[in-house]
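Q: Attaching a single structure in structure tokens format; questions to follow.
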2 protein chains.
Amino acid sequence: MTAQKSVTRTDVARYAGVSSAVVSYVLNDGPKRVAPATRQRVLDAVALLGYRPNATARALSRGKVDMIGMIVPDIRNPYFSELVYAVDLAAHARGRSLLVINSDVRRSAAPNHLKGLVSQQFDGLVLADTLSPAETALIVRLNIPIVLINQFRGAEEFMSIGVDYFDGAREATEHLINRGHKKIAFIGGTNPALDPREHGWMEALTEAGLPLGRRYRAEFSSAGGYEAAMELAREPDRPTAVFIASDQLAIAASAAFHAAGLRIPEDIAVVSFDGTTESKYNWPPLTTMVQPVQAMADEAINRLIAGTPEPTFVEYPMKIVLRASSGD
Amino acid sequence: MTAQKSVTRTDVARYAGVSSAVVSYVLNDGPKRVAPATRQRVLDAVALLGYRPNATARALSRGKVDMIGMIVPDIRNPYFSELVYAVDLAAHARGRSLLVINSDVRRSAAPNHLKGLVSQQFDGLVLADTLSPAETALIVRLNIPIVLINQFRGAEEFMSIGVDYFDGAREATEHLINRGHKKIAFIGGTNPALDPREHGWMEALTEAGLPLGRRYRAEFSSAGGYEAAMELAREPDRPTAVFIASDQLAIAASAAFHAAGLRIPEDIAVVSFDGTTESKYNWPPLTTMVQPVQAMADEAINRLIAGTPEPTFVEYPMKIVLRASSGD
DNA sequence: CTGAAAGCGCTTACAG
DNA sequence: CTGAAAGCGCTTACAG
């Protein structure tokens, strides 16, 4: 269903009166040199015939596709769409396309959502999703460079790129403590393992000799954040501040607090996590821990292109951005 | 850089003691029938050798890649990330992968951002971006099925799928009129041509015998929406209501109104356009015109797969969702 | 029901 | 500087 009778390398070669090899040399700028006059003839033929190289054939012949795959839970989450954007930018800067795989979509569309992926000849894979052991095994068998990004549950087999979740969370909580809050809650996800963000929150409170506030575990979605915040708002002994594990949750939580008649930050101060653009346009604007998304994306792509990376954990520090939600 | 010494069809065939053609027949369930016993031998060999078919070779041989391309201005805009998600879902349901191209990224990464696209052998292309005439010419030469989505400036050459922008905008404005507003402004984009949303707003006001309110033209970004709203807020003869052309603009505008000390909807009522999830979690929740995104996405994919679609305009009606931003 | 073989459109050693 | 040719890993008419 591509072009009906598409122009091929051979057509160009014939028209220019050279071999198809020469056409390749011209188009790829190598590996052989071509005489200027010949070169011009080829270029003219290309233009005249409207020739477009077939990327598929090229990929088959070269044994690589110049394409990187990226697995993401849900691209509708602003954090992930910013991450995808950054990785895409990095990939293109290095001459690669990025094929984004929404694991959400796959999971609903097919029982074995990674199946199609398996036959794809990616140069590498950026994993922004937590996979089941079975899925991980499948991925490993792909035998291509892999980098985990945005995951704190670092797998032993792969290189992992992320922020210092623990320290970031601790700093966020400390900021609330420094502003005089004594009852500081936590809203986060329903992880099976301990979320380092929850851990960092605990650590900060413990260090300050403060009691652990209540923790609310929600689905990582707007609806989840809204419900958790509503629950918090109805608490008889309400906390005066809350550290929320993602901007998406925090934005929905803000709406819930408003709906419950709470003023931010007067009644409930909020510090969030991620530093997406959305956090700035929330009402009130969110104080949030910023992830250096582009730097992480660049790193991921560079490592992949360099070949299978060492299974280490590359950790970026976070920076806090002070805004009105915490009274700043 | 794919698997070092990957297992090929030939290896499987040899191991199973059949020809590579038979392996194909088994794996593709056709076009020939294979004896059950032989079939089982092949399947066993596949499992034992850990064979993964090479999608690139398959694509070259079949002349198609089962991949659809989608060009989007900026995936970080929630409306587009929801649209991409929907199209991805539709594509996978039909057995195709979706390669998303951020024209933003391409434009900054390469002068001719569509160049790489040209050699890709897509089965079809979903265009959610307005292209320059030169870019359009390039795309046409691709000679593959194309569908425009989310564009009101319908090109004559292509099928176009979208909502009834004009009617949607009119209904949005009428809602404000029905609630008694007399001074209704408009915040929209800086389009060279007349945005039908602006046109619909005008029409509603004219029909009601109301004077045209001021119109604020902004970049389609959060920053753009914020600035436009700030300008509106400072107006001496401030409007009491505003129709805003997208949720992204409206969310940023809400923040600006709050920052300027205006209450929504008491001082300024807002009706927005798009119906993204974000609109629901804004404060206050936005009354907005909902686009039937999934239906549009399904339609786009179905048409592409059926072959080059007729250059018609498929228009979906919009539905208003009433929420607090308009006092509902 | 199974096999030998041509072909998809490139790339790239190998000769000249 | 240029060409003839093998090869990438599949698919699929064509024979048997």
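The values are calculated or read from the model by the stated rules, or taken from the named source; none is laboratory data. All values reported here derive from a predicted model rather than from experimental measurement. Virtual Cβ from ideal backbone geometry, glycine too; neighbours counted across all protein chains shown.
Q: Which numbered condition trips up residue A:9, out of (1) basic (Lys, Arg); (2) without any contact (Cβ under 8 Å) to a residue 12 or more places away in the chain; (3) surrounded by 15 or more Cβ atoms within 10 Å (Cβ to Cβ); (4) within 14 Å of chain B (Cβ to nearest Cβ)?
A: Condition (2) is where residue A:9 drops out.
Q: Regarding residue B:198, is this residue closer than 26 Å to residue B:161 by Cα and more than 14 Å from chain A (Cβ to nearest Cβ)?
A: yes
Q: Please find, within the range B:195-213, the residue that is surrounded by the fewest Cβ atoms within 10 Å (Cβ to Cβ) out of those that are assigned to a loop (DSSP other than H, G, I, E, B) and in contact with a helix residue (DSSP H, G or I) (Cβ under 9 Å, 6 or more places away or on another chain). Give the derivation first.
A: Taking the range B:195-213 and keeping what is assigned to a loop (DSSP other than H, G, I, E, B), we get B:195, B:208-213.
Remaining after also requiring in contact with a helix residue (DSSP H, G or I) (Cβ under 9 Å, 6 or more places away or on another chain): B:195, B:208, B:210-213.
Numbers: B:195: 22, B:208: 15, B:210: 16, B:211: 9, B:212: 12, B:213: 23.
Checking each candidate, the answer is B:211.
Q: Which one of these does residue B:206 not meet: (1) within 21 Å of residue B:258 (Cβ to Cβ); (2) more than 21 Å from the chain's Cα centre (by Cα)?
A: Every condition holds for residue B:206 apart from (1).
Q: Only residues in the range A:26-41 that are farther than 20 Å from residue A:15 by Cα count as the first member; pair them with residues that are surrounded by 10 or more Cβ atoms within 10 Å (Cβ to Cβ), Cβ under 7 angstrom, at least 6 apart or cross-chain, and list the lot.
A: So the pair list comes out as A:32/A:25.
Q: Just one of B:42, B:84, B:72 is at pLDDT below 90 and buried (at least 20 other Cβ atoms within 10 Å of the Cβ); which is it?
A: On the way: B:84 fails: at pLDDT below 90; B:72 fails: at pLDDT below 90.
Just a single option satisfies the conditions, and that option is B:42.
Q: Report whether or not residue A:86 is more than 8 Å from chain B (Cβ to nearest Cβ), within 30 Å of residue A:280 (Cβ to Cβ) and away from DNA strand C (no atom under 16 Å from the Cβ). Give the derivation first.
A: Numbers: more than 8 Å from chain B (Cβ to nearest Cβ): yes; within 30 Å of residue A:280 (Cβ to Cβ): yes; away from DNA strand C (no atom under 16 Å from the Cβ): yes.
Yes: the conditions hold for residue A:86.
Q: Check B:81, B:61 and return the single one that is within 11 Å of DNA strand C (Cβ to nearest atom), within 12 Å of chain A (Cβ to nearest Cβ) and out of contact with any Cys (no Cβ under 8 Å at 6 or more places or on another chain). Let's see the steps before the verdict.
A: On the way: B:81 fails: within 11 Å of DNA strand C (Cβ to nearest atom).
When all the criteria are applied, what remains is B:61.
Q: Which one of A:50, A:63 is more than 15 Å from DNA strand D (Cβ to nearest atom) and either among the basic types (Lys, Arg) or surrounded by fewer than 22 Cβ atoms within 10 Å (Cβ to Cβ) (or both)? Break it down stepwise before answering.
A: Working: A:63 fails: more than 15 Å from DNA strand D (Cβ to nearest atom).
Every option except A:50 fails the conditions.
Q: Can you give me the ranges of the helices (runs of 4 or more DSSP H) entirely in the range B:1-75 with at least 2 residues that are under 40 Å from the mean Cα position of the chain (by Cα) and not hydrophobic (A, V, I, L, M, F, W, C)? Walk me through it before giving the result.
A: On the way: elements: B:9-16, B:20-28, B:36-49, B:55-62.
Filter on the range B:1-75 gives B:20-28, B:55-62.
Q: Additional query: Of A:254, A:272, which residue is within 20 Å of residue A:171 (Cβ to Cβ) and either at pLDDT 95 or above or more than 14 Å from chain B (Cβ to nearest Cβ) (or both)?
A: Working: A:254 fails: within 20 Å of residue A:171 (Cβ to Cβ).
Unique residue meeting the criteria: A:272.
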